[in-house]
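Chemist: Below is a structure I'd like to ask you about.
Just so it is clear, none of the values below were taken in a lab; they were calculated from the coordinates. Everything numeric in this text was worked out from a predicted model, so none of it was measured. Glycine gets a Cβ as well: all are built from the backbone with ideal geometry, and neighbour counts include every protein chain shown.
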Amino acid sequence: MNDVGTIGTPADVNLSYGLADFDRTHSFVSSFVYELPVFKEAKGTMGAILGGWQVAGIFVAQSGTPVDIRAGGASLRAPGNQQRPNLNGSQNVLGDIGPGQQYFDTSVYSAPAANTFGNMTRNAGPRGPGYVNLDASLVKRIQARDRYALELRVDAFNVTNTPHFANPGRDFGTPTFGQINATLGPGDGATGPRLVRFGARVTF
């Protein structure tokens, strides 16, 4: 099946079977909240300034998603069917990133003969780069009275400012095939470059 739930190669359904686009072999997600014990019970000005601090965060580490390697279908002469190249050996991830750099070895793929499908199936390419991210918050809670409190916070998204790279180019025969030239962003369900946000909240 393809991204919108239709069969990508109705002329040969078996070529449409494969991993989901969002499949990740490994996925680790952990959240934490830690109230700093320093001056937690202190009274007066010292307690108001140095007490009541809290650190929280979410850590995510995931392996990459599969690359659905595709090819132009002009020589296939089967409208409505997705063409893919032939795989002639082992797929090796080189790991290089940037324009002109190969993330995986592209020499093992070749164009199918005219009027024939390639031997690759859906999402049978190598996996793209993994995703590691840490979002964290520093919170200061000031208790005014029994029912009133002021909360000051700093939220940092992608604390380590780690780049989250997109999958490499998947179109066989194009100049960017096998190259990573873009990063993920909020529109891709990922955190972009480091972003710091300040906020305040009154509870009562």
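Chemist: Compute, for the range 13-203, the length of the dipole vector about the Cα centre, with Cβ point charges of +1 (Lys, Arg) and -1 (Asp, Glu) only. Units Debye, rounded to 20.
Modeler: Details: 17 positive and 13 negative charges, 106 e Å.
For the range 13-203, the charge dipole is close to 500 debye.
Chemist: What's the extension gain from A149 to S90 if we count 0.36 nm per residue and subtract their Cα-Cα distance? If you can, show how the numbers build up before the last one.
Modeler: On the way: separation 59, 0.36 × 59 = 21.24 nm, distance 6.13 nm.
Between A149 and S90, full extension yields 15.1 nm more.
Chemist: Could I ask something else about it? Return the calculated 222 nm mean residue ellipticity for the chain, to the nearest 500 deg cm²/dmol, obtained by summing -39500 (n - 2.57) across DSSP H runs with n ≥ 4 and dividing by the residue count. Don't skip to the answer; put the middle values down first.
Modeler: Working: 1 runs with 7 residues, N = 204.
About -1000 deg cm²/dmol.
Chemist: Hey, another quick one. If I build a Gaussian network model for the chain, linking alpha-carbon pairs within less than 10 angstrom, which residue out of R70, R141, R127 has the largest mean-square fluctuation?
Modeler: R141
Chemist: Here's something else I'd like to know. Rank G80, P66, M120 by how far each Cα sits towards the positive end of the charge dipole of the chain (+1 on Lys, Arg Cβ; -1 on Asp, Glu Cβ) and give me just the farthest.
Modeler: P66
Chemist: Mind telling me which of L184, L94, L150 comes out most flexible in a GNM of the chain, alpha-carbon contacts under 10 Å?
Modeler: L150
Chemist: Sticking with this one: Which residue, N14, N86, N158, tops the fluctuation ranking in a GNM of the chain built on C-alpha contacts under 10 Å?
Modeler: Among N14, N86, N158, the largest GNM mean-square fluctuation belongs to N14.
Chemist: Let me ask you something else. Hey, could you grab the Kirkwood Rh for the range 59-111? Inverse mean 1/r over distinct alpha carbon pairs, Å, one decimal.
Modeler: On the way: mean 1/r = 0.0738 Å⁻¹.
About 13.6 Å, per the Kirkwood formula over Cα pairs.
Chemist: Same structure, new question: Would you mind listing how long the chain runs along its three principal axes, going by Cα atoms, in whole Å with the largest first?
Modeler: The principal-axis extents, from largest down, are 83, 33, 23 Å.
Chemist: Moving on. Explain nothing, just the number: dipole magnitude of the range 113-191 about its Cα centre with +1 on each Lys and Arg Cβ and -1 on each Asp and Glu Cβ, in debye rounded to the nearest 20.
Modeler: On the way: 8 positive and 6 negative charges, 49 e Å.
Its charge dipole is roughly 240 debye.
Chemist: If you average the alpha carbon positions of the range 146-204 and of the range 70-100, how far apart do those two centres end up, in angstrom?
Modeler: About 30 Å separates the Cα centre of the range 146-204 from the one of the range 70-100.
Chemist: Now, a different point. Which of the listed residues, G57, V154, Y131, is farthest toward the dipole's positive end in the range 13-203, when Lys, Arg count +1 and Asp, Glu count -1 at the beta-carbon?
Modeler: V154
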